[in-house]
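Here's the structure, in structure tokens; my notes come after.
What follows draws every value from the coordinates through simple rules; no lab data is involved. What you are looking at is a predicted structure, and each value in this text was computed from that prediction instead of being measured. Cβ sites come from the backbone with ideal geometry, for glycine too, and all protein chains shown count toward neighbours.
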Amino acid sequence: MNVDSHDEGEWWRSAVIYEIALISFQDSNGDGKGDLAGLIARIDYLKWLGVDAVWLTPIYKSPFRDLGYDISDYRVIDPAFGCLDQFDELLKALHAEGIRLILDLVPNHTANDHKWFVESSSSPHRAKADWYIWADAAENGGPPNNWMSRFGGSAWEWCEARRQYYYHSFLVEQPDLNWRNPQVRAAIAEVMRFWLDRGVDGFRVDASAVLIKDVLLRDNPPNPDAAGKPPPQRHTPVFTDDRPETMNCIEFIREVIDSYPARLLCGEVQGETDRIGHFYGTERPRLHLPLNFALLDASWEALSLQAAIDAYFNALPEHAWPVWVVGGHDKQRVASKIGEAQMRVLAMLLMTLRGTPFFYMGDEIGRKRVSIPSDQVRDPFEKLVPGFGLCRDPERAPMRWDDSPHGGFTTGIPWLPLERDCGLNVTAQQSDDHSILMLFRGLIALRQEQECLRQGRYVPLRSRDDVLAYKRTSATNEILVALNISAEPRKWHWQGRYRLLMSTYLDRSAQTLPETSILLRPNEGVVIAIDIG
Ligand code: NOJ
């Protein structure tokens with residue numbers, strides 16, 4: 001399939017989306033960092049795996065203090081990754097294979113060496129003076145209020161040239177843009193058009209919930225649940241995060257997207273599950289897919305998972321399309337949290353729920369957190385707020401393609417170390433019919449084959465005895481999914497004639513089931529379909 005024509009409307013409803021942190025995917029020139037040429041060389045793998053779209057973390061020019069989420073120039077590819085010509089080559093090659101490309105859009109902040117900030121911080125009288133969030137000192141000369149950076153300390157930084165403070169939600173080197181300024185909106189819209197015109201299929205909007213901060217600069221109240229939490233969580237961020245005015249900014253971004261056919265807007269949102277509906281919008285559309293981490297946040301227990309799934313579906317506005325995420329560059333590897341056998345069950349859950357599945361490079365080989373020696377830590381979060389287990393490097397370690405010391409990722413020294421245990425790698429798992437990689441691939445193919453899994457209704461069944469169960473139904477088909485969440489065998493019953501489509505063990509062959517029950521082995525999930533033959 002060639003996707004150049006973008007004629008498939010809401011293609012993301014049927015898509016499986018794969019997140020890639022480019023710096024850790026495949027190095028092509030031995031500098032220890034992944035790059036565009038490396039990714040181009042791995043398109044065959046993406047095709048083999050069966051993913052429909054790739055979301056790339058930022059690839060723009062950046063000092064890389066925060067994995068590229070500190071952008072110095074939105075229209076330039078960072079030289080460590082390649083150049084625009086290579087980007088165009090990548091896009092063309094992906095599209096030729098029917099794979100779409102989503103870029104990260106970081107509208108909330110730039111790097112402090114971005115020319116906009118250089119101008120804005122030089123004087124209160126320059127044209128871009130109001131492009132960032134500037135405020136006078138408090139009477140005692142200190143920061144204007146008690147707002148804290150997510151990465152620790154005050155969110156205000158003194159600027160001697162302006163004799164004012166500027167606001168940064170994240171690092172001191174990541175000043176927040178002023179989204180109340182129409183010129184800023186217009187500038188970000190231009191950036192979006194620059195990439196949309198090149199043919200990208202959409203954006204994942206970074207930090208979309210914090211675009212607007214309280215205009216009165218009111219202090220955040222103390223967090224009653226702060227005990228044991230990292231210092232940035234000392235306050236409840238009601239005046240900095242998820243302000244109602246922010247929604248208008250997301251609507252603006254969506255309008256830009258909607259001026260192009262078939263482009264996707266997904267986004268990082270925050271807050272409890274019951275807030276997620278707001279990010280879809282009603283009269284004015286907002287995000288197509290606000291990213292939902294409910295499966296990661298729930299404890300690995302049938303009733304908790306069932307409750308988390310139910311709460312999420314209940315929170316969705318009518319006609320909103322669901323989305324499920326099981327990994328990401330900010331999230332601790334779920335295989336470390338729940339275990340290897342359980343990760344297989346989670347893969348089946350992800351690929352059989354109603355909604356667009358997202359997973360992160362390495363999840364498909366059951367990758368776990370890589371232990372990073374303290375002298376090799378790169379993540380500023382860990383450096384600034386140590387001791388709370390916040391370090392994101394363990395998830396960001398380079399992809400493991402084979403069992404060589406640097407995993408086939410680089411011929412040089414990898415920018416972050418890889419684990420010593422080489423069992424979990426792509427090459428080994430590609431030749432093992434029962435590997436988790438083969439399971440991911442098989443599940444993606446099954447989803448592709450079974451329209452009912454992509455578009456059918458979700459019908460919960462009563463989960464008991466540690467078996468999480470549900471149906472997917474369409475006018476012509478009915479599929480049952482039963483996931484044994486325990487490490488003990490469990491019997492599971494149904495009524496009617498069904499045939500087995502897949503077991504997470506990948507060893508039961510597709511067959512008509514002779515009985516109306518099955519003994520699920522420890523951590524076994526099965527997908528069965530009504531037998532109409
Ligand atoms: C959200 C990104 O996912 C995270 O990695 C980054 O540190 C912050 N935004 C700041 O840009």
Report task. For region 128-164, run through the GluC sites (Glu not before Pro) and keep only the ones in DSSP coil with at most 11 other Cβ atoms within 10 Å of their Cβ. Result -> Glu139, Glu160
**Report entry** Total formal charge among the other residues, if their Cβ is under 10 angstrom from that of Gln270, Lys/Arg +1 and Asp/Glu -1
**Finding:** -3
Report summary line: tail above 38 Å in the computed P(r) of the chain, as % of all Cα-Cα pairs, reads 29
**Report entry** Inter-label distance for Tyr45 and Leu461, nm, one decimal - labels placed 7 Å from Cα along Cα-to-Cβ
**Finding:** 3.7
Query - Among Asn477, Pro514, Leu501 - extreme Cα towards positive end, dipole of region 456-530, charges at beta-carbon - result: Asn477
Query - Computed over region 298-427, Cα set: Rg, Dmax in Å - result: 16.8, 51
Query raised in the report: With point charges of +1 on the Cβ of Lys and Arg and -1 on the Cβ of Asp and Glu, referenced to the Cα centre of the chain, which listed residue (Leu289, Val325, Gly456) lies farthest in the positive direction of the dipole?
Result: Gly456
Query raised in the report: Of Gln306, Leu353, Trp156, which is farthest on the positive side of the dipole of the chain, counting Cα position, with +1 on Lys and Arg Cβ, -1 on Asp and Glu Cβ, and the Cα centre as origin?
Result: Gln306
Requested in this report: Please give the net charge around Thr57, taking every other residue with its beta carbon less than 11 angstrom from that of Thr57, where Lys and Arg add +1 and Asp and Glu add -1.
Outcome: -3
Query raised in the report: When the scattering of region 109-178 is computed by the Debye formula from its Cα atoms alone, each counted once and equally, what is log10 I(q)/I(0) at q = 0.13, 0.25 Å⁻¹?
Result: -0.31, -1.11
Query raised in the report: For region 366-390 and region 203-250, what is the separation of their C-alpha centers, rounded to whole Å?
Result: 24
Query raised in the report: Between Arg163 and Ala127, what is the spin-label point distance in nm, taking each point 7 Å from the Cα along the Cα→C-beta axis?
Result: 2.7
**Report entry** R0 of 30 Å, Cβ-Cβ distance Glu8-Thr512: FRET efficiency to nearest 0.05
**Finding:** 0.30
**Report entry** Helical contribution to [θ] at 222 nm, DSSP H n ≥ 4, -39,500 (n - 2.57), averaged over the chain, rounded to 500
**Finding:** -7000 deg cm²/dmol
**Report entry** Selection of trypsin sites (Lys or Arg not before Pro), region 435-483, meeting DSSP coil and at most 10 other Cβ within 10 Å
**Finding:** Arg462
Report task. List Ser304, Ser120 from most exposed to least, where exposure is judged by having the fewest other Cβ atoms within 10 Å. Result -> Ser304, Ser120
Query raised in the report: Over the chain, what is the percentage of antiparallel beta bridges among all DSSP beta bridges, to the nearest 5?
Result: 65
Query raised in the report: For region 113-173, which trypsin sites (Lys or Arg not before Pro) are both in a DSSP coil and crowded by at most 15 other Cβ atoms within 10 Å?
Result: Arg126, Arg163
Query raised in the report: Among Lys471/Lys491; Lys213/Lys383; Lys61/Lys368; Lys33/Lys61; Lys229/Lys337; Lys47/Lys92, which pairs are too far apart, with a Cα-Cα distance over 24 Å?
Result: Lys213/Lys383; Lys61/Lys368
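Taking the Cα centre of region 456-530 as origin and charging only Cβ (+1 Lys, Arg; -1 Asp, Glu), how large is the dipole, in debye to the nearest 20?
240
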**Report entry** Charge dipole (debye, nearest 20) of region 109-178; +1 at Cβ of Lys and Arg, -1 at Cβ of Asp and Glu
**Finding:** 120
Report summary line: Quick calc, the chain, dipole around Cα centre from Cβ unit charges on Lys, Arg (+) and Asp, Glu (-), nearest 20 debye, gives 780
Report task. Could you please rank Cys266, Cys159, Cys249, placing first whichever residue has the fewest other Cβ atoms within 10 Å of its Cβ? Result -> Cys159, Cys249, Cys266
Report summary line: Distance in Å, no decimals, from the C-alpha centre of region 1-73 to the one of region 496-527 is 36
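Assuming 0.36 nm per residue, please report the length gained on full extension of the stretch Gln233 to Asn29 beyond their Cα-Cα distance.
Gain in length upon complete extension: 69.3 nm.
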**Report entry** Label point 7 Å beyond Cα of Thr282 along Cβ direction - residues of region 302-326 with amide nitrogen under 18 Å
**Finding:** 314-321
Report summary line: Length gained if Glu488 through Ile532 is fully extended, taking 0.36 nm per residue and subtracting the Cα-Cα distance, is 12.6 nm
Query raised in the report: Say each of Lys115 and Val76 gets a label point 7 Å from the Cα, pointing the same way as Cα to Cβ; how far apart are those two points in nm?
Result: 0.9
